[in-house]
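Undergrad: Below is the structure I would like to discuss, written out as structure tokens.
The values are calculated or read from the model by the stated rules, or taken from the named source; none is laboratory data. Predicted model, so just to flag it, every value in this text is computed and none were measured. Every residue, glycine as well, gets a Cβ built from its backbone with ideal geometry; the counts of neighbours run over all protein chains shown. We work out accessible area using only protein heavy atoms, side chains counted, and drop any ligands, DNA or RNA first. Shrake-Rupley method; radii C 1.70, N 1.55, O 1.52, S 1.80 Å.
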Amino acid sequence: MLQRWHKSKQFNKSSKINVTALSNSWHLKTLGDPLRGLRQRILRLFSLALILLTVCTACAPPPAVARDRSFPEMSLEFLGEYQLPKMNFEGVPVGGLSGITYDPKGISAATSKAYRFYALSDDPSENGEARFYSLRLDLTSSDPANIRLKKVTVEGVTSLKQADGETFSWGSINPEGIALSPRNSVFVASEGVTHVGIPPFIGEFDLKTGQMRGNLPIPKRYIPDTSDEKQQQGVVDNLGFESLTIDPETFSPGGLDPFRLFAATEAPLMQDLDPEQASKLRVLHYIIVDKKPQLVSENLYKLDQVPLTILNGLTELVTVGGGQILSLERSFGLSGYSARIYQVAFGAATDTSRIQSFKGQLPTVEPVKKKLLLDLSELGIPLYNLEGMTLGPRLPDGSQSLVLVSDDNFDEAQKTQFILLSLKGKG
């Protein structure tokens with residue numbers, strides 16, 4: 001601004017000199033001319049107009065700055081919460097809900113205020129078989145100004161089974177993320193159990209039977225190196241694949257068309273741990289083609305640092321269409337749990353699939369872009385261990401619902417909390 005003002009002052013000064021010279025020249029040529037007075041009045045008017053034009057040009061507003069088009073305008077509105085009472089279902093405690101996904105075909109349109117979701121328990125087959133639940137979420141009246149989460153009901157449970165039809169033995173799986181696919185299946189992410197040499201995996205399971213159909217290829221850098229007593233690479237124990245999402249815009253009848261799947265670790269890989277830098281996570285991007293998954297790319301995700309925290313991690317990703325993704329970062333500290341939802345843009349991010357370690361400075365690596373959308377600690381309600389997030393149905397006002405769920409860790413003092421938000425401006 002200062003430089004532009006200085007240049008305009010120089011222009012004003014030169015303009016005055018030119019006008020004066022022009023006036024003198026005109027005066028000499030018109031001396032003794034009977035029309036001299038008229039010409040001088042015209043000259044004065046011309047000079048005044050020129051000066052006004054100069055001043056207006058100098059005072060013109062600066063050119064508009066193009067806004068960052070990476071993030072379309074979005075907003076989240078809190079519509080309420082529901083806490084699931086402690087209960088058993090088919091003889092097994094309901095708890096540890098660490099992932100949730102919405103099934104738009106789950107409940108008949110005749111009950112338009114009730115919706116079907118699937119929630120994954122992170123029980124490592126300790127309290128019961130590794131499993132996911134069928135949930136019914138009921139909303140209040142269809143009045144757009146009074147939409148609330150009325151009740152959550154457990155309606156069914158499906159055990160996860162290996163390819164041979166056998167259930168997972170105790171401690172052989174650590175399920176954390178779930179995403180409904182367009183071919184009557186769910187993808188489930190397991191963090192692995194590194195201290196006993198069980199690697200992480202992302203598997204596809206039949207929606208009805210729970211039997212495994214196959215696994216996604218996991219890059220070697222994610223697999224813990226157990227050749228030495230001290231781990232050198234791979235996911236950290238209990239901090240592996242936590243986030244899982246499938247792009248709803250790539251759904252097709254029967255799942256015949258390719259669809260996109262994203263997965264991320266909760267914390268840095270062992271070889272990426274760098275105490276002097278912000279936490280550097282990795283996000284994997286797959287395309288499922290004719291039942292043959294292909295890894296397309298990997299990107300760097302920088303986790304925000306929260307002061308005075310004991311636990312801080314990326315717990316969920318949700319694709320919302322239009323190339324946009326939301327992320328959920330959850331932390332635990334002296335004041336309890338907190339969580340934040342971000343908009344995430346991958347467009348300009350560097351493919352990091354050939355980078356073996358993120359330690360130190362990475363001047364040539366562009367991470368995914370992030371923009372804080374909502375700090376849930378500002379909602380004015382107690383927060384619990386929020387780990388799952390998914391898009392839900394369209395609400396009566398036309399906005400998209402967003403549903404979050406917390407993992408109670410099978411602890412009597414903690415709650416299974418559902419939070420309902422309205423997402424506006426999606427895509």
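Undergrad: Compute the separation of the alpha-carbon centres of the stretch 111-157 and the stretch 275-316 and state it in Å as a whole number.
TA: One Cα centre to the other: 27 Å.
Undergrad: Want the number for Val365 to Asp351: 0.36 nm per residue separation, take away the alpha-carbon distance, what's left?
TA: Extending this stretch completely gives an extra 4.2 nm.
Undergrad: In addition: Output needed for the stretch 172-262: three equivalent-ellipsoid semi-axes, defined as square roots of 5 times the C-alpha gyration tensor eigenvalues, in descending order, whole Å.
TA: Ellipsoid half-lengths, sorted descending, are 28, 13, 10 Å.
Undergrad: A further question on this structure: In the neighborhood of Thr352, defined by Cβ-to-Cβ distances under 14 Å, what is the net charge if each Lys or Arg adds +1 and each Asp or Glu adds -1?
TA: +2
Undergrad: Of the cross-linked pairs Lys151/Lys208; Lys105/Lys292; Lys161/Lys292; Lys359/Lys415; Lys161/Lys359, which ones have a Cα-Cα span greater than 30 Å in the structure shown?
TA: Lys359/Lys415; Lys161/Lys359
Undergrad: Straight-line reach from Lys371: which aspartates and glutamates fall under 13 Å, measuring Cα to Cα and dropping same-chain residues less than 8 apart?
TA: List returned: Asp68, Glu73, Asp304, Glu329.
Undergrad: Over what distance in Å are the Cα centres of the stretch 324-338 and the stretch 387-427 separated?
TA: Spelled out, the Cα-based centre of one part sits 14 Å from the other.
Undergrad: Rounded to the nearest percent, how much of the accessible area of the stretch 77-424 (1.4 Å probe, protein heavy atoms only) is carbon and sulfur?
TA: Values: 7270 of 14580 Å².
On the stretch 77-424, the fraction of accessible area on carbon and sulfur atoms equals 50 percent.
Undergrad: Here's another thing I want to ask about it. So if we plug the beta-carbon distance of Gln305 and Lys113 into 1/(1 + (r/R0)^6) with R0 = 60 Å, what FRET efficiency do we get, rounded to 0.05?
TA: On the way: r = 41 Å, r/R0 = 0.69.
After rounding, the FRET efficiency stands at 0.90.
Undergrad: Sticking with this one: Can you tell me the order of 125-136, 86-97 when each peptide is scored by its average per-residue count of other Cβ atoms within 10 angstrom, highest first?
TA: The densest-packed peptide leads the list: 125-136, 86-97.
Undergrad: Give me the tail of P(r) for the stretch 77-424 as a percent: Cα-Cα pairs with distance above 32 Å.
TA: Looking at the stretch 77-424, the distances longer than 32 Å represent 25 percent of pairs.
Undergrad: Starting with the highest mean, order 181-188, 416-423 by the number of other Cβ atoms within 10 Å, averaged over the residues of each peptide.
TA: Answer by packing, highest mean first, reads 416-423, 181-188.
Undergrad: Pull out a ≥ b ≥ c, the square roots of the eigenvalues of the alpha-carbon gyration tensor of the stretch 91-237, then state rounded if a/c is under 1.5, prolate if not and a/b is larger than b/c, and oblate in the remaining case.
TA: It comes out prolate by the Cα gyration axes.
Undergrad: Follow-up. Compute the signed sum of charges (Lys and Arg +1, Asp and Glu -1) over the other residues within less than 13 Å, Cβ to Cβ, of Ile198.
TA: Local charge sum for Ile198: -2.
Undergrad: Counting Lys and Arg as +1 and Asp and Glu as -1, what is the net charge of the other residues whose Cβ lies under 10 Å from the Cβ of Gly80?
TA: Spelling it out: positives minus negatives among the neighbours equals +1.
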